[in-house]
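Step one of this worksheet: look at the structure below.
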Amino acid sequence: MSRLKVAVVGAGIYGINHIRAYKHNERAELTSVCELDPKIRERIGAEYGVRTYALVEDMLKNEELDAVSIATPDGFHAAPAILAIMSGKNVLIEKPLATTLADARSIISAAVKYGVRVAVDYHKRWDPAAIQIRNALREPASGRPVRGYMNMDDIIDVPSKWFTWSGNSSPVHFLGTHCYDQIRWFMGCEVTEVFAVGTKQLLKSMGIDTYDTVQAFLLMENGCWWTVETGWIYPSGFSKNNDGRTQILCENALFRSDSQNRGVEIYDGVKCHTPNSYFMQESKAGPFGFGIEPINDFVRCLLSGEPFIADASDGLEAEKIAEAVHKSLETGAKVKIERES
Ligand SMILES: NC(=O)c1ccc[n+]([C@@H]2O[C@H](COP(=O)([O-])OP(=O)(O)OC[C@H]3O[C@@H](n4cnc5c(N)ncnc54)[C@H](O)[C@@H]3O)[C@@H](O)[C@H]2O)c1
């Protein structure tokens, strides 16, 4: 097999990136897209010359596919993913793998039963700045990591205007899982204990039953404590849709990374914009950047048999942390994460 036949489920804000990546990947043939919204379906069919479906079942019955991307809303990954898995397709699931441990485990059990591979799109693992820090952390000269800080925040438009499903997710699932995954990947070990505090006020007053912000404290197996702040209420006028910072203190080194200002500032007379030049760019050859690379890597790893950079077990670990954070928010107590054999 030198070219994969692929499809995408969910063609909203992020699914479009899967569609564009596959469309420009010489080793993939995008045959079809499944999308509930008829207007989006019509537009995608016309713009990308693909067959479109309203139901995953119909697409899986009618199309010969090797792999399927799942880019449905956070809490709605499991159903289409499991249908694709049950018909023998490899799947790439947008982060988070799921918003419950039960869903995450069902996806993994189905993949084991039907002998297919599952990757999770934790695209921060492809960010050049994150790769540089991870490599430097592995240098013995850096010494033992002692303390870490990470924040990821979105402007309030994201939960209030972009999505209809924000009350079904949370800053912990939508943003926190990105952080938890990146921290596990930086540290090369697991989280053992979690404590979290948060507020539910502003979004709730707007009819969206989810957290405004959450501060979580994670203890890692290597003894390093992390503070992770995630939130969904940055002001609309912020210079970018999202903000993010990382700081890691080791015994002999300090690492800092700013994902908000990546060095480009654009002033348009109203405000300063700070686009992330490394995330997604267009060239003659198509889209590129660390938002696109995980999708191309999925194709590459399926064709070569190489392990995925982030797979379903990584998705499960991030979900375990997310669920522990939510449990701590609800109980006000520390929550231990037991290791499974
Ligand atoms: N928006 C972002 O910045 C971003 C970034 C990275 C990852 N993601 C992840 O990508 C996923 C999708 O997010 P989004 O921003 O594209 O949301 P979205 O609401 O813009 O798009 C989701 C799309 O899925 C469709 N859909 C829902 N259920 C379906 C089903 N069963 N079959 C077919 N289509 C279905 C909806 O009609 C909608 O068009 C989420 O898990 C999100 O966390 C989003």
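All of the numbers you see were taken from the coordinates with simple rules; none came from a lab. None of the values given here were measured: they were computed from a predicted structure. Note: ideal-geometry Cβ built from the backbone for every residue, glycine included; neighbour counts use all protein chains shown.
Comparing 327, 89, 271 in a Gaussian network model of the chain (Cα springs below 10 Å), the most mobile by mean-square fluctuation is 271. Placing a label point 7 Å from the Cα of residue 288 along the Cα-to-Cβ direction, the residues of the stretch 1-41 whose backbone N falls under 18 Å from that point are 18, 20-28. Using the beta-carbon distance between residue 135 and residue 330 and R0 = 56 Å, what value does 1/(1 + (r/R0)^6) give for FRET efficiency, to the nearest 0.05? Efficiency at R0 = 56 Å is approximately 0.90.
In deg cm²/dmol, rounded to 500, what helix-only [θ] at 222 nm does the chain give when every DSSP H run of at least 4 residues adds -39500 (n - 2.57) and the total is split over its residues? Please report the intermediate quantities before stating the final value.
Values: 10 runs with 108 residues, N = 341.
So the calculated ellipticity at 222 nm is -9500 deg cm²/dmol.
If you run the Gaussian network model on the chain, springs between alpha carbon atoms under 10 Å, then out of 206, 86, 187 the most flexible one is 206. The residue 199 and residue 144 beta-carbon pair, evaluated with R₀ = 30 Å, returns a calculated FRET efficiency of approximately 0.35. The protection proxy used here, the mean number of other Cβ atoms lying within 10 Å of each residue, ranks peptides 250-260, 122-132 as follows, highest first: 122-132, 250-260. Structural size metrics of the stretch 254-341, computed from C-alpha coordinates, are Rg and Dmax of 19.5, 58 Å. Listing 264, 6 from fewest to most neighbouring C-beta atoms within 10 Å gives 264, 6.
With neighbours defined as other Cβ atoms within 10 Å of a residue's Cβ, the residues 107, 337 order from fewest to most as 337, 107. Just checking the listed ones, 54, 67, 196: in the Gaussian network model of the chain with Cα springs under 10 Å, the one fluctuating most is 54. The C-alpha atoms of the chain define a longest principal axis, and helix 293-304 lies at about 60 degrees to it.
With N set to the number of residues, divide the alpha-carbon radius of gyration of the stretch 4-116 by 2.2 N^0.38 Å and report two decimals. Could the numbers behind the result be given before it?
Details: Rg = 13.1 Å, N = 113, 2.2 N^0.38 = 13.3 Å.
Against the compact-globule rule of thumb, the ratio is 0.99.
Have a look at the DSSP beta bridges in the chain and tell me what percent are antiparallel, nearest 5. Taking every DSSP beta bridge with both residues in the chain, the antiparallel ones total about 55 percent.
Where does each of 229, 26 land when they are ranked from fewest to most other beta-carbon atoms within 10 angstrom? Present the calculation step by step, with values, prior to reporting the outcome.
Working: 229 20, 26 10.
In increasing order of surrounding Cβ atoms, one gets 26, 229.
Label sites at residue 51 and residue 254, each approximated as a point 7 angstrom past Cα along Cα to Cβ, lie 5.9 nm apart.
Taking the C-alpha atoms only, the angle from helix 38-48 to the longest principal axis of the chain is near 80 degrees. Overall, the anisotropy analysis places the chain in the rounded class: the square-rooted eigenvalues a ≥ b ≥ c of its C-alpha gyration tensor yield a/c less than 1.5.
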